[in-house]
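The structure appears below as C-alpha coordinates.
The values are calculated or read from the model by the stated rules, or taken from the named source; none is laboratory data. As the structure is a computational prediction, the values presented were derived from the model and not from experiment. Note that we place each Cβ from the backbone using ideal geometry, even for glycine, and neighbour counts take in every protein chain shown.
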(Lines give C-alpha, C1' and ligand atoms only; values in the text may rest on other atoms or scores of the structure.)
Protein backbone atom coordinates (compact mmCIF):
# COMPACT_ATOMS: atom_id res chain seq x y z
CA UNK A 1 0.00 0.00 0.00
CA UNK A 2 2.91 2.36 0.83
CA UNK A 3 4.45 1.56 -2.57
CA UNK A 4 1.19 2.38 -4.37
CA UNK A 5 0.89 5.66 -2.46
CA UNK A 6 4.42 6.64 -3.41
CA UNK A 7 3.74 5.79 -7.06
CA UNK A 8 0.59 7.96 -6.98
CA UNK A 9 2.50 10.91 -5.48
CA UNK A 10 5.25 10.48 -8.04
CA UNK A 11 2.66 10.46 -10.79
CA UNK A 12 1.17 13.72 -9.53
CA UNK A 13 4.59 15.33 -9.53
CA UNK A 14 5.19 14.25 -13.12
CA UNK A 15 2.01 15.80 -14.51
CA UNK A 16 2.77 18.42 -17.12
CA UNK A 17 0.86 20.77 -19.36
CA UNK A 18 2.04 21.01 -22.96
CA UNK A 19 1.16 23.46 -25.69
CA UNK A 20 0.95 22.06 -29.20
CA UNK A 21 -0.24 24.16 -32.13
CA UNK A 22 -1.67 26.70 -29.72
CA UNK A 23 -3.71 24.13 -27.75
CA UNK A 24 -3.17 22.98 -24.18
CA UNK A 25 -2.58 19.27 -23.49
CA UNK A 26 -1.92 17.26 -20.33
CA UNK A 27 0.35 14.22 -20.21
CA UNK A 28 -2.14 12.53 -17.88
CA UNK A 29 -5.83 11.70 -18.26
CA UNK A 30 -7.90 13.75 -15.85
CA UNK A 31 -11.34 12.74 -14.52
CA UNK A 32 -13.85 15.42 -13.58
CA UNK A 33 -15.50 14.85 -10.21
CA UNK A 34 -19.08 15.91 -10.94
CA UNK A 35 -21.49 17.30 -8.40
CA UNK A 36 -24.28 14.85 -7.55
CA UNK A 37 -27.81 15.46 -8.85
CA UNK A 38 -30.98 13.91 -7.35
CA UNK A 39 -32.91 11.05 -8.89
CA UNK A 40 -36.32 12.47 -9.86
CA UNK A 41 -39.45 11.44 -7.98
CA UNK A 42 -41.77 9.71 -10.47
CA UNK A 43 -45.44 10.62 -10.00
CA UNK A 44 -48.27 9.02 -11.98
CA UNK A 45 -50.82 11.84 -12.03
CA UNK A 46 -50.97 15.58 -12.59
CA UNK A 47 -52.76 16.09 -9.27
CA UNK A 48 -49.98 14.27 -7.40
CA UNK A 49 -47.40 16.35 -9.30
CA UNK A 50 -49.15 19.56 -8.19
CA UNK A 51 -49.33 18.31 -4.59
CA UNK A 52 -45.58 17.68 -4.59
CA UNK A 53 -44.78 21.13 -5.96
CA UNK A 54 -47.09 22.88 -3.49
CA UNK A 55 -45.60 20.98 -0.55
CA UNK A 56 -42.12 22.43 -1.23
CA UNK A 57 -40.94 19.15 0.30
CA UNK A 58 -37.41 19.36 -1.08
CA UNK A 59 -37.39 23.19 -0.98
CA UNK A 60 -35.46 23.37 -4.28
CA UNK A 61 -36.19 27.05 -4.88
CA UNK A 62 -37.43 28.37 -8.22
CA UNK A 63 -38.40 25.62 -10.67
CA UNK A 64 -39.02 25.31 -14.39
CA UNK A 65 -41.97 23.05 -15.27
CA UNK A 66 -41.53 21.52 -18.71
CA UNK A 67 -44.45 19.84 -20.49
CA UNK A 68 -42.41 17.44 -22.57
CA UNK A 69 -45.25 15.47 -24.15
CA UNK A 70 -48.94 14.60 -23.58
CA UNK A 71 -47.79 11.98 -21.07
CA UNK A 72 -44.75 13.52 -19.36
CA UNK A 73 -44.12 16.69 -17.31
CA UNK A 74 -40.90 17.43 -15.44
CA UNK A 75 -39.82 19.99 -12.81
CA UNK A 76 -36.17 21.02 -12.65
CA UNK A 77 -33.94 23.74 -11.25
CA UNK A 78 -31.15 25.75 -12.82
CA UNK A 79 -27.81 24.16 -13.72
CA UNK A 80 -24.94 23.69 -11.28
CA UNK A 81 -21.20 24.28 -11.75
CA UNK A 82 -21.06 21.25 -14.08
CA UNK A 83 -23.84 22.76 -16.23
CA UNK A 84 -26.10 19.88 -15.18
CA UNK A 85 -29.69 20.45 -14.11
CA UNK A 86 -31.36 18.80 -11.13
CA UNK A 87 -34.72 17.24 -12.05
CA UNK A 88 -36.75 16.91 -8.86
CA UNK A 89 -40.01 15.35 -10.08
CA UNK A 90 -41.52 13.82 -13.21
CA UNK A 91 -45.22 13.26 -13.87
CA UNK A 92 -45.49 10.15 -16.06
CA UNK A 93 -49.07 9.25 -17.01
CA UNK A 94 -50.37 5.71 -16.53
CA UNK A 95 -52.21 4.95 -19.76
CA UNK A 96 -53.54 1.87 -21.55
CA UNK A 97 -52.05 0.64 -24.81
CA UNK A 98 -54.39 1.26 -27.76
CA UNK A 99 -53.83 -0.62 -31.01
CA UNK A 100 -54.19 1.88 -33.82
CA UNK A 101 -53.49 1.04 -37.48
CA UNK A 102 -54.13 -2.68 -36.85
CA UNK A 103 -57.13 -4.76 -37.90
CA UNK A 104 -58.71 -6.85 -35.16
CA UNK A 105 -61.79 -9.03 -34.82
CA UNK A 106 -65.00 -7.11 -34.10
CA UNK A 107 -65.33 -8.48 -30.55
CA UNK A 108 -61.86 -7.19 -29.60
CA UNK A 109 -62.62 -3.93 -31.38
CA UNK A 110 -65.88 -3.58 -29.47
CA UNK A 111 -64.13 -4.09 -26.12
CA UNK A 112 -61.42 -1.60 -27.07
CA UNK A 113 -63.99 1.09 -27.91
CA UNK A 114 -65.90 0.58 -24.66
CA UNK A 115 -62.90 0.46 -22.33
CA UNK A 116 -60.30 2.79 -23.87
CA UNK A 117 -62.39 5.64 -25.36
CA UNK A 118 -64.41 8.41 -23.75
CA UNK A 119 -68.18 7.89 -24.41
CA UNK A 120 -69.44 9.96 -27.34
CA UNK A 121 -72.08 9.87 -30.06
CA UNK A 122 -69.54 8.69 -32.62
CA UNK A 123 -68.33 5.91 -30.35
CA UNK A 124 -71.94 4.77 -29.90
CA UNK A 125 -72.42 4.70 -33.68
CA UNK A 126 -69.32 2.56 -34.23
CA UNK A 127 -70.33 0.19 -31.43
CA UNK A 128 -73.72 -0.23 -33.08
CA UNK A 129 -72.11 -1.00 -36.44
CA UNK A 130 -69.59 -3.56 -35.23
CA UNK A 131 -72.08 -5.07 -32.79
CA UNK A 132 -74.70 -5.81 -35.48
CA UNK A 133 -72.61 -6.84 -38.48
CA UNK A 134 -73.55 -10.23 -39.95
CA UNK A 135 -70.44 -12.28 -40.61
CA UNK A 136 -71.94 -14.12 -43.57
CA UNK A 137 -72.67 -10.81 -45.31
CA UNK A 138 -69.30 -9.14 -44.93
CA UNK A 139 -68.41 -10.06 -48.49
CA UNK A 140 -71.15 -7.68 -49.65
CA UNK A 141 -69.16 -4.71 -48.40
CA UNK A 142 -69.19 -1.70 -50.75
CA UNK A 143 -66.48 0.96 -50.76
CA UNK A 144 -66.21 4.30 -52.55
CA UNK A 145 -62.72 4.95 -51.18
CA UNK A 146 -63.93 7.13 -48.31
CA UNK A 147 -67.12 5.70 -46.75
CA UNK A 148 -67.78 1.97 -46.58
CA UNK A 149 -71.11 0.18 -46.75
CA UNK A 150 -71.69 -3.11 -45.00
CA UNK A 151 -74.63 -5.44 -44.48
CA UNK A 152 -75.70 -5.35 -40.83
CA UNK A 153 -78.79 -5.94 -38.70
CA UNK A 154 -81.08 -2.93 -38.76
CA UNK A 155 -83.90 -4.40 -36.71
CA UNK A 156 -84.87 -7.42 -34.67
CA UNK A 157 -85.18 -9.71 -37.67
CA UNK A 158 -84.03 -7.63 -40.64
CA UNK A 159 -80.75 -6.69 -42.26
CA UNK A 160 -79.89 -3.65 -44.32
CA UNK A 161 -77.08 -1.56 -45.74
CA UNK A 162 -75.30 0.66 -43.24
CA UNK A 163 -72.95 3.44 -44.38
CA UNK A 164 -69.83 3.93 -42.26
CA UNK A 165 -68.83 7.62 -42.10
CA UNK A 166 -65.22 8.66 -42.55
CA UNK A 167 -63.25 10.15 -41.00
CA UNK A 168 -64.65 9.77 -37.47
CA UNK A 169 -63.93 11.88 -34.39
CA UNK A 170 -63.13 9.97 -31.19
CA UNK A 171 -61.59 10.64 -27.77
CA UNK A 172 -59.17 7.86 -26.78
CA UNK A 173 -57.45 7.95 -23.39
CA UNK A 174 -54.01 9.25 -24.42
CA UNK A 175 -53.08 11.86 -21.80
CA UNK A 176 -53.51 12.46 -18.06
CA UNK A 177 -57.00 11.53 -16.88
CA UNK A 178 -57.38 14.80 -14.94
CA UNK A 179 -57.76 16.77 -18.16
CA UNK A 180 -60.16 16.57 -21.10
CA UNK A 181 -59.01 14.00 -23.63
CA UNK A 182 -58.31 15.66 -27.00
CA UNK A 183 -60.52 14.80 -29.95
CA UNK A 184 -58.81 13.14 -32.90
CA UNK A 185 -59.74 12.18 -36.43
CA UNK A 186 -59.54 8.51 -37.40
CA UNK A 187 -60.18 6.55 -40.57
CA UNK A 188 -62.49 3.64 -39.67
CA UNK A 189 -62.16 0.61 -41.93
CA UNK A 190 -63.63 -2.89 -42.02
CA UNK A 191 -62.74 -5.98 -43.98
CA UNK A 192 -63.75 -9.61 -44.26
CA UNK A 193 -63.33 -11.65 -41.14
CA UNK A 194 -65.05 -9.52 -40.00
CA UNK A 195 -62.30 -7.21 -38.78
CA UNK A 196 -62.10 -3.50 -38.00
CA UNK A 197 -59.35 -0.90 -37.55
CA UNK A 198 -58.84 2.73 -36.62
CA UNK A 199 -56.09 4.63 -38.45
CA UNK A 200 -54.90 7.95 -36.99
CA UNK A 201 -55.65 10.81 -39.37
CA UNK A 202 -54.89 14.12 -37.64
CA UNK A 203 -51.14 14.31 -38.20
CA UNK A 204 -50.44 14.39 -34.45
CA UNK A 205 -52.38 17.64 -33.86
CA UNK A 206 -53.94 16.05 -30.77
CA UNK A 207 -50.53 16.13 -29.03
CA UNK A 208 -50.31 19.92 -29.26
CA UNK A 209 -53.88 20.26 -27.97
CA UNK A 210 -53.17 17.91 -25.05
CA UNK A 211 -50.01 19.79 -24.06
CA UNK A 212 -51.88 23.11 -24.17
CA UNK A 213 -54.58 21.61 -21.94
CA UNK A 214 -51.98 20.34 -19.47
CA UNK A 215 -50.42 23.81 -19.35
CA UNK A 216 -53.81 25.41 -18.65
CA UNK A 217 -54.46 22.87 -15.86
CA UNK A 218 -51.11 23.55 -14.20
CA UNK A 219 -51.43 27.33 -14.57
CA UNK A 220 -54.77 27.20 -12.76
CA UNK A 221 -53.59 24.78 -10.07
CA UNK A 222 -50.36 26.72 -9.40
CA UNK A 223 -51.50 30.27 -10.12
CA UNK A 224 -50.45 31.61 -6.69
CA UNK A 225 -46.97 30.09 -6.94
CA UNK A 226 -46.56 31.30 -10.52
CA UNK A 227 -47.59 34.83 -9.50
CA UNK A 228 -44.99 34.70 -6.73
CA UNK A 229 -42.32 33.76 -9.25
CA UNK A 230 -41.72 30.27 -7.80
CA UNK A 231 -42.54 28.35 -10.99
CA UNK A 232 -42.27 28.95 -14.73
CA UNK A 233 -44.23 26.70 -17.12
CA UNK A 234 -43.18 25.95 -20.69
CA UNK A 235 -44.73 23.57 -23.23
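For every residue, the table says whether it meets (1) without any contact (Cβ under 8 Å) to a residue 24 or more places away in the chain; (2) touching a helix residue (DSSP H, G or I) at 6+ places or on another chain (Cβ under 9 Å).
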residue: 193; (1), (2): no, yes
residue: 197; (1), (2): no, yes
residue: 207; (1), (2): no, no
residue: 210; (1), (2): no, no
residue: 214; (1), (2): no, yes
residue: 218; (1), (2): no, yes
residue: 227; (1), (2): yes, no
residue: 235; (1), (2): no, yes
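Restricting to segment 166-187, what's the tally of residues that are assigned to a strand (DSSP E or B) and closer than 29 Å to residue 75 by Cβ? Let's see the steps before the verdict.
If we filter segment 166-187 for residues that are assigned to a strand (DSSP E or B), which is where we start, we get 168-170, 172, 184-187.
Subset that is closer than 29 Å to residue 75 by Cβ: 172, 184.
Of the residues in segment 166-187, 2 are assigned to a strand (DSSP E or B) and closer than 29 Å to residue 75 by Cβ.
Find the residue count for segment 188-227, including only residues that are part of a loop (DSSP other than H, G, I, E, B) and over 15 Å from residue 50 (Cβ atoms). Step through it out loud before you land on a result.
Going residue by residue through segment 188-227, those that are part of a loop (DSSP other than H, G, I, E, B) are 192-194, 201-204, 222.
Going one step further and asking which of them are over 15 Å from residue 50 (Cβ atoms), we end up with 192-194, 201-204.
Qualifying residue count for the region: 7.
Restricting attention to segment 20-45, which residues are surrounded by 15 or more Cβ atoms within 10 Å (Cβ to Cβ) and touching a strand residue (DSSP E or B) at 6+ places or on another chain (Cβ under 6 Å)?
Selection gives 37, 40, 41, 43.
Give the residues of segment 22-37 that are assigned to a loop (DSSP other than H, G, I, E, B), farther than 15 Å from residue 81 by Cα and either at pLDDT 80 or above or in the same structural domain as residue 85 (by TED's automatic domain parsing) (or both), sorted by residue number. Write out each step before concluding.
The initial filter retains those residues of segment 22-37 that are assigned to a loop (DSSP other than H, G, I, E, B), namely 22, 27-37.
Retained after the next criterion (residues that are farther than 15 Å from residue 81 by Cα): 22, 27-31.
The answer is 22, and nothing else.
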